[in-house]
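Only one structure is covered here, and it is reproduced in the block below.
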Amino acid sequence: MEPIRQLHDNFQSQSKLIIFCDGKILYDHDQKTYCFDPKDLNSLESYSPFLSIAKDTLVDQYYYSIEVERNSDIFGIFMDPAKIEFTDFRTTLSFLDSSNFQLISRASILMNWRATNKFCSSCGKQTIFNPKEGAPDCECLAHPKYPVISPCIITHYYPNS
Ligand SMILES: [Zn+2]
């Protein structure tokens, strides 16, 4: 899986969507997946351009991260609301294997990064996505707004051992 940051006006021919809404993530209990095919969903055209966060180069498949509005009618005709629902994102993370954990975490981080950098923090103008930098940029001299890396270390101290 190759990490990427690209904006696409349309989904590529092979695409998977990771869909968030109000801090929750869409999950299919039957298929046990967080990744959805755009063909199964109602039109998401109003959310274009779409942020692609990763590419599986082996099968030429792109992964997208999308935040949909509350009460939006995204379920396609064959999607069963009894089996597919938005679930708590933080709880979800603890059940994922390592590769899915990385993918879903990346989707969440980049979706928030995109949402919080729509406007330039220096001059206030609307940013424009710079494809060479893979980041929102502004016509003023401010630097492009790259995703922020926030490393942390968690330790546990055992007395007498
Ligand atoms: Zn600016």
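Tell me, what ³J(HN,Hα) does each residue in segment 81-87 have, in order and in whole Hz, if you take phi through Karplus 6.51 cos²θ - 1.76 cosθ + 1.60 with θ = phi - 60° and put x for Gly and Pro?
x, 6, 10, 10, 8, 7, 10
Net charge near Lys125: determine it from the other residues with C-beta under 15 Å of the C-beta of Lys125, scoring Lys and Arg +1 and Asp and Glu -1.
So the environment of Lys125 carries a net charge of 0.
With the chain treated as a Gaussian network of Cα nodes joined by springs under 10 Å, which of Tyr34, Tyr63, Tyr47 yields the largest mean-square fluctuation?
Tyr47
Mind listing the long-range amide H neighbours of Lys16? Cut-off is under 5 Å, sequence gap 5 or more, other chains count too, H placed in the peptide plane at 1.01 Å from N.
Tyr62, Tyr63, Tyr64
Report the Rg/Rh value for segment 113-161, based on alpha-carbon coordinates and the Kirkwood definition of Rh.
Details: Rg = 18.0 Å, Rh = 13.0 Å.
Computed over Cα atoms, the ratio is 1.38.
Pairwise over distinct Cα atoms, reciprocal of the mean inverse distance: report the Kirkwood radius of segment 76-161 in Å, one decimal place.
16.7 Å
Can you show me the helix-derived [θ] at 222 nm for the chain, built from DSSP H runs with n ≥ 4 at -39,500 (n - 2.57) apiece and divided by the number of residues, rounded to the nearest 500.
-4500 deg cm²/dmol
Note down the net charge around Asp28, summing +1 for each Lys or Arg and -1 for each Asp or Glu among other residues with Cβ under 13 Å from its Cβ.
-2
With +1 on each Lys and Arg Cβ and -1 on each Asp and Glu Cβ, and nothing else charged, work out how big the dipole of segment 1-98 is about its Cα centre, in Debye to the nearest 20.
Roughly 200 debye, rounded to the nearest 20.
Can you work out the Karplus-derived ³J(HN,Hα) for every residue in segment 109-116? Use 6.51 cos²θ - 1.76 cosθ + 1.60 with θ = phi - 60°, whole Hz, and x for glycine or proline.
With coefficients 6.51, -1.76 and 1.60, one gets 4, 6, 5, 5, 4, 5, 5, 8 Hz.
To check you understand DSSP bridge types, tell me what percent of the beta bridges within segment 1-158 (both residues inside) are antiparallel, rounded to 5.
80 percent
What's the long-distance tail for the chain, i.e. % of Cα pairs beyond 26 Å?
33 percent
Taken together, the values in this text are just the output of simple stated rules run on the coordinates, not laboratory data. None of these values were measured; they are calculated from a predicted model. No Cβ is skipped: glycine too gets one built from the backbone with ideal geometry, and neighbour counts run over all protein chains shown.
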